[in-house]
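Working notes for the structure below.
The values are calculated or read from the model by the stated rules, or taken from the named source; none is laboratory data. As the structure is a computational prediction, the values presented were derived from the model and not from experiment. All Cβ positions, glycine included, derive from the backbone under ideal geometry; neighbour counts span all protein chains shown.
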Amino acid sequence: MLANQPLADRLRPKNLDEFCGQEHLVGTNGVLRKAIESGNIPSFILWGPPGVGKTTLAWIISNTLKRPFFHLSAVHSGVKDVRDTIDKAKKQQFFNQPNPILFIDEIHRFNKSQQDSLLTAVEQGTITLIGATTENPSFEVISPLLSRCQVYIMNPLDEKNLTELLNRALKKDTYLAAYDIEIQENEAIMRVSGGDARKLYNALELVVSSEADKEGSGKIVITNEKVLTHVQKNLALYDKNGEQHYDIISAFIKSMRGSDPNAAVYWLARMVEGGEDPKFIARRMVILAAEDIGMANPNALLLAQACFEAVNVIGWPESRIILSEAAVYLATSPKSNASYMAVEGAIEAVKDKGDLPVPLHLRNAPTKLMKDLGYHKDYKYAHSFEGNFVKDNYLPEEIKGTQFYEPGNNPKEEEIRKRLKALWKDIYDYDK
């Protein structure tokens with residue numbers, strides 16, 4: 001039986017030299033390491049996926065700089081908790097001591113009033129704020145607070161980082177060292193970790209514990225098959241802290257893309273019961289409506305946007321009904337990624353061809369000089385022609401006739417295909 005304290009906690013790094021990954025921030029020339037070495041750190045927000053060390057890094061900074069450290073979780077804390085913590089911080093400001101650090105985990109879950117309560121303390125230097133978020137701060141953090149903070153991006157751990165962590169666990173952990181452990185295959189444990197150190201350690205500990213209970217003392221050989229068997233068998237235990245956040249939203253999106261409303265509402269229910277942020281769910285549906293439904297049903301984007309706005313107003317628990325309606329609608333809509341593929345193709349053309357010049361007849365001509373140079377000359381105003389259409393070239397000459405948009409195979413876009421074929425005969429090929 002292994003120790004009650006999780007392996008990830010037992011091996012939590014105590015200083016920057018022990019910290020694994022994020023070299024762009026804490027490496028030799030990392031911006032955060034330089035700030036820490038100077039003793040003067042700004043308020044900042046760490047943005048990255050779970051298990052990359054956001055909380056650990058905040059604690060290391062506080063410990064290195066010998067500053068008081070206050071830790072709040074946005075899931076369990078309200079405005080009163082924030083104000084009480086700021087009051088405690090004020091009482092610790094004497095004899096020109098540096099200000100305390102207030103670390104707020106999952107800061108994206110704070111509402112506007114909760115974030116507003118931080119502004120004065122951050123602005124006056126009562127605290128140095130360190131926020132941690134898995135969501136884009138541009139969407140989830142109010143502008144006044146965001147403008148007072150730096151944003152540092154933390155990346156998923158790569159295979160080199162994960163291998164280093166595995167070796168460290170086998171060599172330095174007292175409990176694991178009691179076993180003769182050989183990692184014969186590491187592909188599965190790398191894959192299930194998904195760049196998350198906590199997942200990696202949880203999986204390793206789970207496999208070792210299960211194999212030790214089964215075999216007693218002796219050699220423990222870790223293979224891909226054993227990792228997958230034990231992790232899947234103990235999925236609830238393995239993911240008890242909501243670490244499947246990205247897997248479940250992926251299953252939700254793929255179910256709607258696959259036109260299965262039953263699976264879509266199941267994964268939605270998993271997120272609802274897990275306390276997922278309704279805005280996160282709704283925002284992903286807005287993306288899906290444009291990327292996967294597109295012109296097959298243009299109303300899907302309007303409904304998804306209406307869903308996003310509604311959950312902002314309604315909140316839990318009623319938002320689950322709005323999310324369910326939107327999910328079922330999107331899942332049962334015809335699908336087309338033609339618009340998505342069109343812009344991807346156009347972006348590739350831009351990268352390949354560079355900044356091609358705008359044809360003269362499409363350029364604006366606000367001055368006489370521009371007119372003399374031929375700007376806007378020979379431009380044909382579509383509304384002056386029958387059917388509000390005139391066949392002209394709207395692309396740079398170098399890529400004239402390049403077709404980026406290929407209508408999807410659905411009733412709506414078949415209508416679009418017929419119209420484009422009639423309009424652009426001999427220019428674009430819409431003969432499918």
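Details
- Close pairs from segment 36-51: first over 28 Å from LEU200 (Cβ atoms), partner surrounded by 13 or more Cβ atoms within 10 Å (Cβ to Cβ) and polar (S, T, N, Q), Cβ under 7 Å, at least 6 apart: ILE41/THR128; PRO42/GLN150; SER43/THR128
- Here the condition is being assigned to a strand (DSSP E or B), among the acidic types (Asp, Glu) and outside the structural domain of GLY48 (by TED's automatic domain parsing); of GLU205, GLU164, GLU182, it holds for GLU182 alone.
- Qualifying residue in segment 69-87 (condition: touching a residue at least 60 places away in the same chain (Cβ under 8 Å) and farther than 23 Å from GLN150 by Cβ): yes
- Segment 196-214, residues that are modelled with pLDDT under 85 and either more than 21 Å from ARG10 (Cβ to Cβ) or touching a Gly at 6+ places or on another chain (Cβ under 6 Å) (or both): LYS214
- Breaking point among (1) of a type in the set (D, E, K, R); (2) touching a residue at least 12 places away in the same chain (Cβ under 8 Å); (3) farther than 29 Å from GLN124 by Cβ; (4) assigned to a helix (DSSP H, G or I), for ASP9: (2)
- The listed residues are GLY387, GLY374, GLY408, and the only one of them that is exposed (fewer than 14 other Cβ atoms within 10 Å of the Cβ) and not in a helix (DSSP H, G or I) turns out to be GLY374.
- Scope segment 66-80; condition over 13 Å from PHE103 (Cβ atoms) and either out of contact with any Pro (no Cβ under 9 Å at 6 or more places or on another chain) or not assigned by TED's automatic domain parsing to the domain that holds PHE103 (or both); matching residues: VAL75, HIS76, GLY78, VAL79, LYS80
- ASP81 meets all of the listed conditions (1) surrounded by 21 or more Cβ atoms within 10 Å (Cβ to Cβ); (2) over 25 Å from TYR201 (Cα atoms) but one, namely (1).
- Yes/no for ASN364 being more than 17 Å from MET341 (Cα to Cα), in a loop (DSSP other than H, G, I, E, B), free of Cβ contacts under 8 Å to residues at least 24 places away in the same chain and of a type outside the set (Gly, Ala, Ser): yes
- Screening the candidates VAL358, VAL350 for the property of being part of a helix (DSSP H, G or I) and either surrounded by 11 or more Cβ atoms within 10 Å (Cβ to Cβ) or in contact with a helix residue (DSSP H, G or I) (Cβ under 7 Å, 6 or more places away or on another chain) (or both) yields one hit, VAL350.
- Checked against (1) assigned to a loop (DSSP other than H, G, I, E, B); (2) surrounded by 14 or more Cβ atoms within 10 Å (Cβ to Cβ), ASN40 passes all but condition (2).
- Test: residue in segment 274-285 that is out of contact with any strand residue (DSSP E or B) (no Cβ under 7 Å at 6 or more places or on another chain) and without any contact (Cβ under 8 Å) to a residue 24 or more places away in the chain: no
- Restricted to segment 237-290, and to residues there that are surrounded by fewer than 17 Cβ atoms within 10 Å (Cβ to Cβ), polar (S, T, N, Q) and not in a helix (DSSP H, G or I), the residue that is modelled with the lowest pLDDT is ASN241.
- On inspection, GLU325 qualifies as surrounded by fewer than 19 Cβ atoms within 10 Å (Cβ to Cβ), in contact with a Cys (Cβ under 9 Å, 6 or more places away or on another chain) and not hydrophobic (A, V, I, L, M, F, W, C).
- Which numbered condition LEU395 fails, given (1) at pLDDT 85 or above; (2) not assigned by TED's automatic domain parsing to the domain that holds ALA263: (1)
- Answer residue from segment 171-184, given it is of a type in the set (A, V, I, L, M, F, W, C) and out of contact with any strand residue (DSSP E or B) (no Cβ under 6 Å at 6 or more places or on another chain) and is surrounded by the most Cβ atoms within 10 Å (Cβ to Cβ) among those: LEU176
- Residue among SER138, SER143, SER147 that alone is in the same structural domain as LEU57 (by TED's automatic domain parsing), under 30 Å from GLN92 (Cβ atoms), within 20 Å of the chain's Cα centre (by Cα) and surrounded by fewer than 15 Cβ atoms within 10 Å (Cβ to Cβ): SER143
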